[in-house]
Every structure is written in C-alpha cells, then in structure tokens.
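There's a structure below that I have some questions on.
The values are calculated or read from the model by the stated rules, or taken from the named source; none is laboratory data. The structure displayed is predicted, hence computed values, not measured ones. FYI the Cβ positions are ideal-geometry reconstructions off the backbone, even for glycines, and counts take in every protein chain you see.
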Number of protein chains: 2
Amino acid sequence: MSQDAYSEGDLRNTGMSLRHDREWDYELDRIIDEIEERDATKVGLQFPEGLKRRGPAVADDLRELCDDDVTFLLSGQPCYGACDLDTYLMRRTDVFVHFGHSPMKESDKIIYVPLFSNVDPYPIMEESLEELDDPDENPDVGLVTTAQHMNLFEDMCEWLEERGYEVHTRRGDDRLTHEGQVLGCNYASADIDADQVLYVGGGKFHPLGLAMEHPDKNVVIADPVNNVVTIADTEKFLKQRYGAVHRAMDADKWGVIFCTKIGQGRWEIAEKIIEENDNAYLITMDEVTPDRLRNFNMDAFVNTGCPRITTDDGPRFHKPMLTPGEYEIAVGNKPLEDLEFDTFHGTW
Amino acid sequence: MSQDAYSEGDLRNTGMSLRHDREWDYELDRIIDEIEERDATKVGLQFPEGLKRRGPAVADDLRELCDDDVTFLLSGQPCYGACDLDTYLMRRTDVFVHFGHSPMKESDKIIYVPLFSNVDPYPIMEESLEELDDPDENPDVGLVTTAQHMNLFEDMCEWLEERGYEVHTRRGDDRLTHEGQVLGCNYASADIDADQVLYVGGGKFHPLGLAMEHPDKNVVIADPVNNVVTIADTEKFLKQRYGAVHRAMDADKWGVIFCTKIGQGRWEIAEKIIEENDNAYLITMDEVTPDRLRNFNMDAFVNTGCPRITTDDGPRFHKPMLTPGEYEIAVGNKPLEDLEFDTFHGTW
C-alpha cells in the first residue's frame, strides 16, 4: 500500500466496512504493517480447523487494506495445533500468518496471531470459586489457560489474589511460550505446589489432559465460552486407554508411527521399538488418520507422534493405537500400573 | 551387506524363504544392489494404496538380505500415482524406493520399481479381438497400457501385428516415460491415427479417461487382471460432470484449490481465476479430501490439481467441484458444449 493510498482512507481502526467476526482479535493492523514493511506480494493465512470458515472474510478485509498486487493464500492443510504449521505455504509466501496458536517454530516471516478471545472470563471464574477450597483453609491454587486468554493471564492472577488465593504459576518448559500456558501435549506449567488447579478456557480437551498428567490435583474448569463450570473427570478417558492396551496385548504385527510434523518427531523412541521387536514396522506420515492406516495389515499401532491423536481419536481407528508408554505395557515390558499420560517436552 | 555375508548365503534368486507375494515383480535384487552400493542405512519404501498391505513382507525380505544396520521406513502417505511421491521421506533416506509408478521426479537416490505384473495378457487380448474391427477392413489400431505391463508392450504390438493389425503407438509428451503409456491425467500416447484403441490393463480408471479425452475413438478394454473385455462408456461419467457444472452455476463463493504436490501445480490457472473473480479464494493443500474442504464456507470449488480427484471423487465432496475448464462454463465464460476432459501435460 503506497503512502498515498494509506492516507486516502485508512479503515484499519474504524471497524467500518470490515467483514470479519469480532469474537476474536485477528490483529489485522499488525498483519498489514508487516505486509507493507516487507513489500509482500504473497501472503499465506493459516487458520485452526474451527475458524477456517472465517478465513475468506479475514482475507477480504486484508485485501481491502492492501495494494491490489497482494495475493492471499489460505492454507487448506488440517490445523489443530502449533505442530500443524503449514511449512510448504510458509516457504512459498513473503509473509505467513498462523492464527490461534503460539509459536512452535520461529522464523522472520511468520506472524503468530494468538486470536485473543473477546469473552469476559470473570463471571464464570466467580462461579468456579464454589469448586475451589475456601482460601482461608487452602489458599494455594494453580492457574493455567490457553493462548486465547493469555492476554488476561496476569489480570486473572490478580483477580484470584484479591479473593484471598495464593496463585501458583509457572512457565513450564521450552515447549511453552507463556507463563501459565498449557498445550494439548504439555502441562509442565501445572507442575506447581498446589493440589488444585483452575483452568480458564473453552472445552475439556486441555483440562482432561491436565488431569491425566496430574492425577493428584483437583482440576476445576471455568469455561467462559460455553459458560459452564465442571471438574475434570478422567475416568472414561482412563477406561478407554486400559481397553486399548488390553486389546493390543494379542497383537503380533505392530505399526510404529513416526510423525513427520514439526515438533512431533520422536525418532529415538520409534527406532528403539523396531530394534527390539522384529514384528514392528516403521511407518512415516504427516497426518495420522484412520484412512491412512487401514491399508496397512497391522494388528496394532504405536504412535510416537501427537499423543492426543492416540488418546482422543483412538476409538476412530480400526485397530488399537497406543502411546509409546502404553506399548511397553502391552508387550509386557512394564506393569499395567505404569500407565500414564503421554506428553511432549522441549521443542522440535 | 559385507561381501562375506553376501557369499555365505545369497537367497536373492532362489525364491526360498522370501515372504513377499509373487503377483508383482518387486525387483528386490535391484534394490539390494543399490543399498549396498550406497552403504545406505535408511531406506524408504513407498507403495501404492492397494499394495500397502504387502509392504511389511517386502520389508521383511529386504531385511533378510541386508546388513542389520539398515532401517526400513514405510511411507504412510496416501499414494495413488506418481505425483504422490513422498518427498519428505525421500529427503530423509539414503535410498528411496517408489513402487508402482513411473518417474515423475528424477533423483539419484530414488529407485522407481514399476511392479511389472506376472499376469499373461494374451488370452484376454485374444478375446478382445472380437470388439476390434476386422483387420482386413480396418487394420489401424492404437495400443496403450500402464506401467504394470510396459515390459510386454513391444511383445503385445508384435502379437497384434501377427494378427494383421497395423499398430499405432506414440510416446506422448514429457509427462509420459514410455511409448504407449497412459496416466490417469494424460492420454497423449493415444494421439494416433486410428479410430480404435486397445487398452490392456486392470480396471476402468485409465480407459475411461482415455475415452473422455478421445471421444471420437472406440476404446476397447482388455483387462487381464479381472479377465474381462469391455468397451469404455463415458455416458455416466459425462452426466455426472454436466450435473456438477449445473449445480455450480449458482455459486457465489468459490474455493480455488492449488495442489502443492509435485507435478500438480498450475499456478497461472489458479491466479487467473482469483484475479478475475473477487469471490474466489485461493486454498492450498497437498491431499484434496472432502474433510479438508468441509470447513471452508464455499459454494463450489475449482480444482487446479489432479483432474481425477475432481471427476472421479467429485460426488464425495459436499459442494460441486469442477475442473478449470468446467469452471469457465459454470461462470458463463464458455458455452456448455466446450466441456472437455481435463488433462495434465509436461512435467512439474
């Protein structure tokens, strides 16, 4: 955008004529600045699955704010997390915007837009206090959230402190960008000295993982999106995992999945399994889907990639799929009591 | 494999103790030679979808014939054609074997094993003569086949010539490796001076494309795999295409798919569409599947990638999906009579 065009009609902060939805902050200003600074002509946009339908309206708004010679490309690759970074599109565009997740890979041309939510979390946090211990008896509480609410994290800490709590927070490990952040595969930010943790965020995906990883802690869910307070209950989750392990105990031929996505490669674990088991075969892929595995004539699979595909999507696969730890139990190397949640640490 | 181990027990040509099936020639000798020559320790194997279940047995046989330090990795990426080359696995292995298709991309470390079929084509070719014109009246016939039967192509030509036919063959264009070869997306080898073409091979996928691309020719199918002779009939295929074009005529928002696979990028076509249509949005992806498109809120799609996904899988998508030529008809730039089969020419 030339300076002339810019001064003629800067709609950036008016909210006028813009077609994108207002539930999330797409940070159009920041994107436009970056496009102008780099004289970008090809701009890639990657949205999480649930927001892909909003992509065209966001592209429309950006087109309005840019020179005509800028082409926007929407990533059609599946996107459920930071690991799903569309590296193909990233390499072939001047500016690449990944919405909804915090950085897994840093690069000059990638803009990470966390999509901060515009929802007010305090009414539902107020309700959630009923599920936490009385601060006079047990003031220690952990606080965690997702990328969408990170902008309010310090505010939320203060809010709890004002109500008499001693809030324990932690940045976690290298995989986590922010203090108090959780990922589907990493709950190191909840390794804190409190036996109750408040999770503020939408859905049960994260708090269930948190409760599996920290079975000794009471995980209270304050969900401002669905406006509901619940306690994370891992019983169904655990039963499903025990069931998968038991069904896999008779397996002869094992497919060992090595996921080629950024942030998911655990080569040493995969290699160790195939070295020790002559009936284990290494299979490499990016998306791990039931369709792709159906054509392999295996009795069971062990997935060294994303643990949440194994545990949450497990029942959709035609054969039992286990985490590496669960595999050790199924082949008899470890006792059933050792079953634990599979997490990822460090970066790629 | 050291020379010692090699001389101790070379099972390569004995057929003893080997677990792989015998319907196809996996050319294990050639693979082993290449592994030894390169001192490879990581070997990638990629099979077409229909033969993925045979992969572990082939890997077992190769393991038996190699040093212990060689690790075999099976590609779990979908594979329906030469375009589906698993470039990730290729880049990360010392030797990469792609089974079942002829080369789309040449590289030192890729071994293309065409998987020549062991089936005898002559009995079914004998039967197919009844569907060809009497050679005394019309001796001109084209002959085409797929990678699986290329090893017999010259033999089959001679066989027809011995029966009084004048056989017309052609290498086609750069996309085709062999004289007389057809691909799902390219029938240039049938651009010959004969109004009848004999296709020898399994299934109707190729001859249907051939008949669509050459509607003036009678396409006789001699299928030695299913042991049946038929005539390619494009009526159902055409009706389905006309239906898709009609349903797309009301579309407002168009998703323009740019496929990132090797050999499928038609950037100029995609770019032209979005430049001319403000309601068209560029979407990039490798696998084009119904799941991936469902989350985009579009009224119709135009696929600049593999035409066979558009035409053969079209009905599986929730919204009409057209080829670039069909799109021009749907938006009114061309008359319905211009509908023709979409093919790919040249290499990537």
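From the list B:Gly263, B:Gly314, which one is in contact with a Phe, Trp or Tyr (Cβ under 6 Å, 6 or more places away or on another chain) and in the same structural domain as B:Ala244 (by TED's automatic domain parsing)?
Testing whether each residue is in contact with a Phe, Trp or Tyr (Cβ under 6 Å, 6 or more places away or on another chain) and in the same structural domain as B:Ala244 (by TED's automatic domain parsing) leaves just B:Gly263.
Could you list all residues from the stretch A:294-348 that are out of contact with any strand residue (DSSP E or B) (no Cβ under 9 Å at 6 or more places or on another chain), within 14 Å of A:Trp254 (Cβ to Cβ) and of a type in the set (Gly, Ala, Ser)?
A:Gly332
Right, something else. Collect the residues in the stretch B:125-167 that are among the aromatic types (Phe, Trp, Tyr) and under 22 Å from the mean Cα position of the chain (by Cα), keeping them in residue-number order.
Selection gives B:Phe153 alone.
Looking at A:Gly255 and the list (1) more than 9 Å from chain B (Cβ to nearest Cβ); (2) over 21 Å from A:Thr87 (Cα atoms), which single condition is not satisfied?
The single condition A:Gly255 does not satisfy is (1).
State which residue is surrounded by the most Cβ atoms within 10 Å (Cβ to Cβ) when the search covers only the stretch A:244-258 and only residues that are within 12 Å of A:Glu326 (Cα to Cα) and in contact with a Gly (Cβ under 9 Å, 6 or more places away or on another chain).
So, considering only residues that are within 12 Å of A:Glu326 (Cα to Cα) and in contact with a Gly (Cβ under 9 Å, 6 or more places away or on another chain), the one surrounded by the most Cβ atoms within 10 Å (Cβ to Cβ) is A:Ala244.
To keep it simple, each residue is scored yes or no on (1) assigned to a loop (DSSP other than H, G, I, E, B); (2) under 25 Å from A:Arg175 (Cα atoms); (3) away from every other protein chain (no Cβ under 14 Å).
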{"position": "A:Val197", "(1), (2), (3)": "no, yes, yes"}
{"position": "A:Gly203", "(1), (2), (3)": "yes, yes, yes"}
{"position": "A:Gly209", "(1), (2), (3)": "no, yes, yes"}
{"position": "A:Met212", "(1), (2), (3)": "no, yes, yes"}
{"position": "A:Asp216", "(1), (2), (3)": "yes, yes, yes"}
{"position": "A:Val225", "(1), (2), (3)": "yes, no, yes"}
{"position": "A:Phe237", "(1), (2), (3)": "no, yes, yes"}
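Of the numbered conditions (1) at pLDDT below 95; (2) touching a helix residue (DSSP H, G or I) at 6+ places or on another chain (Cβ under 7 Å), A:Arg53 satisfies every one except a single condition; which is it?
(2)
Continuing with the same structure: May I ask you to list the residues in the stretch B:163-195 that are touching a Lys or Arg at 6+ places or on another chain (Cβ under 8 Å) and either free of Cβ contacts under 8 Å to residues at least 40 places away in the same chain or part of a loop (DSSP other than H, G, I, E, B) (or both)?
Of everything in the stretch B:163-195, those that are touching a Lys or Arg at 6+ places or on another chain (Cβ under 8 Å) and either free of Cβ contacts under 8 Å to residues at least 40 places away in the same chain or part of a loop (DSSP other than H, G, I, E, B) (or both) turn out to be B:His178, B:Glu179, B:Gly180, B:Gly184, B:Cys185, B:Asp191, B:Ile192, B:Ala194, B:Asp195.
Counting only residues that are closer than 21 Å to B:Asp60 by Cβ and more than 8 Å from every other protein chain (Cβ to nearest Cβ), which one in the stretch A:275-293 is surrounded by the most Cβ atoms within 10 Å (Cβ to Cβ)?
Only one residue fits best here, namely A:Ala280.
Please work out which residue is modelled with the highest pLDDT, limiting yourself to the stretch A:169-222 and to residues that are of a type in the set (Ser, Thr, Tyr) and surrounded by fewer than 24 Cβ atoms within 10 Å (Cβ to Cβ).
So the residue we want is A:Thr169.
Hey, another quick one. Residue by residue through the stretch B:76-131, note down the ones that are charged (D, E, K, R) and in contact (Cβ under 8 Å) with a residue 12 or more places away in the chain.
Residues satisfying the conditions are B:Asp84, B:Asp86, B:Arg92, B:Asp94, B:Lys105, B:Lys109, B:Asp120, B:Glu127, B:Glu130, B:Glu131.
Check A:Leu322, A:Leu293 and return the single one that is over 26 Å from A:Lys105 (Cβ atoms), in contact with a helix residue (DSSP H, G or I) (Cβ under 7 Å, 6 or more places away or on another chain) and not assigned by TED's automatic domain parsing to the domain that holds A:Ala211.
A:Leu322
Residues in the stretch B:30-62 that are away from chain A (no Cβ under 13 Å) and among the small types (Gly, Ala, Ser): how many?
1
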